[in-house]
Amino acid sequence: MAQTVDIEARLREGLSLFAAGRHGRAYGAVLDAVEASPADPRLWHLLGTIALEADRPWQAYHAFTRRRRLQDDQDAVFSQLAAAYYAVDVPAARAHAEEAAARFPQNVEARRWAAKMAGIADERDLLVDVARTLCRQGRYADSLDLFVAALEIRDSPEVRLWLGRAFLALAQAADAVPLLESAAIELPDDPSICVDVAAAYAAGGRPDIARAWLEQGARVHPTSAKVRAAQARLALDQGDVETAGGAGERAAHLAPGDPDTWLTAARVREAFGDPQGARLAADRSVALDPGRAAGWNLAARLVEADGDPGLAAHYRAAAVRLAADVHPDTATPLPLRTEIDHLYARIVQTPKEVRAYRDRATVNGLLGLPQRALYFLDLTIRDIAGGPTPELLVERAGLLLRLGRTDEALALCEEVLRMDPQSDLARRGLEAVIQPADATRPLPTRPEPAGTIRFCRQCGQEIPATAAFCRRCGVRRT
């Protein structure tokens, strides 16, 4: 009995250490529990998961192999496959990918793995692929040895580029510069590389060389928004607001759909003494990519400077939720009329910024302010879209649902189906409206695509991949 209590304590300790990110000690604690209860597949799965997070793919592969012997289900197959991949075991990873595709032919993940492994010819290819995956996960330090091993097998400017970027992400500018410079020379058609070289020189204390690289990049790639935005950021860092202003606006013109470019434009406009224009740019950035706290925080500062601390609190709350998954308190914004008057005056002065109505609709919806979002969405329908479209009407239905106006939301979705009887968007909207209100009402019958469960960014409710918006709070899925 004492041994059981001790093992349970070790398991609790391991889970606590794992949650705290102390993967090495967590592995040892859970290993004690596994050795005491080797017939429990759940413990082997936990041990393998911790090993993968601790960058111990070989131990993970062993743990998941033992897990499959005890319980050979879909999770076990994919876990063993992932461990073989991160262990850079080409034959094992390819075999497990083929097995997954054969056993689960309708599974999207199985098809993705099969396609990935079919495109990998040898160990060097797998080294590079795994290292790039680690970089995308932010595990730059773990990627270094893999990139170096790939270069030792066969050199290429692409691998030097990725290795240089990994060093840059780790603030090792001196190591990054020669790799990035050599890649830039051999890959002259990629304007993003000169941006990386400039960033490395700036981080190393040589903004003069960084500026020269960006000027060269702008001459060779005059339509590159990345180069112009980098010029704007460097100029801002050096206090050259005039240069930053020209480069920032040029970047926004060249890439109107890029959130990073608009975030740079917002910072430039703020430094240039144009807080209203800065807020429009920040809202555009947030509307294009609501998943980054930097945009919300910048917009919050601008909104507060414009005299609305209540609305600014909503922006800050959105940033906090992204970082900590909590729901902080907010305050009451100023009346909508104040914001409308400010925005209208700006658009009268600069008509090309009428797109701001659309961005405000999106942003207020994300902030959980559906009444404000509805007003701006109606302006969008009237002044930008030139009339209702299926997408805008379904979005409007979602806002009405959040306001408790279920009958109006239902009528809008039905109107969309009359406009386009094949509209999946409208059918999913109907599902979101009808199921909470009237479970007996029939829905249009169409086959549901396979998908996964997601979670609403506003309230945390589960959202099927087929739903147009959250059934609890009505926030639109993007």
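Details
- Helices (runs of 4 or more DSSP H) (entirely within the range 70-125) containing at least 2 residues that are surrounded by 15 or more Cβ atoms within 10 Å (Cβ to Cβ) and in contact with a Ser or Thr (Cβ under 8 Å, 6 or more places away or on another chain): 74-86
- Tally, over the range 39-65, of residues that are assigned to a helix (DSSP H, G or I), charged (D, E, K, R) and touching a residue at least 24 places away in the same chain (Cβ under 8 Å): 1
- Given (1) surrounded by fewer than 22 Cβ atoms within 10 Å (Cβ to Cβ); (2) touching a residue at least 12 places away in the same chain (Cβ under 8 Å), index of the condition Gly239 fails: (2)
- Screening Arg269 against (1) in a helix (DSSP H, G or I); (2) surrounded by fewer than 19 Cβ atoms within 10 Å (Cβ to Cβ) leaves a single unmet condition, (2).
- Residue satisfying all of: in the range 52-69; basic (Lys, Arg) and under 20 Å from Phe104 (Cα atoms); surrounded by the most Cβ atoms within 10 Å (Cβ to Cβ) among these: Arg67
- Tally, over the range 34-72, of residues that are of a type in the set (Gly, Ala, Ser) and at pLDDT 90 or above: 5
- Per-region count, the range 309-351, residues of a type in the set (D, E, K, R), in a loop (DSSP other than H, G, I, E, B) and under 23 Å from Pro259 (Cβ atoms): 1
- Residue within the range 139-158 that is closer than 27 Å to Arg219 by Cα, of a type outside the set (S, T, N, Q) and over 26 Å from the mean Cα position of the chain (by Cα) present: yes
- From the options Leu280, Leu254, Leu234, residue that is in contact (Cβ under 8 Å) with a residue 40 or more places away in the chain and not assigned by TED's automatic domain parsing to the domain that holds Val197: Leu280
- If you go through the range 75-109 and keep only what is among the polar types (S, T, N, Q) and over 14 Å from His62 (Cα atoms), you end up with Gln106, Asn107.
- Test: residue in the range 324-342 that is modelled with pLDDT of 90 or more and either touching a strand residue (DSSP E or B) at 6+ places or on another chain (Cβ under 6 Å) or crowded, with 17+ Cβ neighbours inside 10 Å (or both): yes
The values are calculated or read from the model by the stated rules, or taken from the named source; none is laboratory data. Remember, predicted model here, so these are calculated numbers, not experimental data. Every residue, glycine among them, receives a Cβ derived from its backbone with ideal geometry; neighbour counts consider all protein chains shown.
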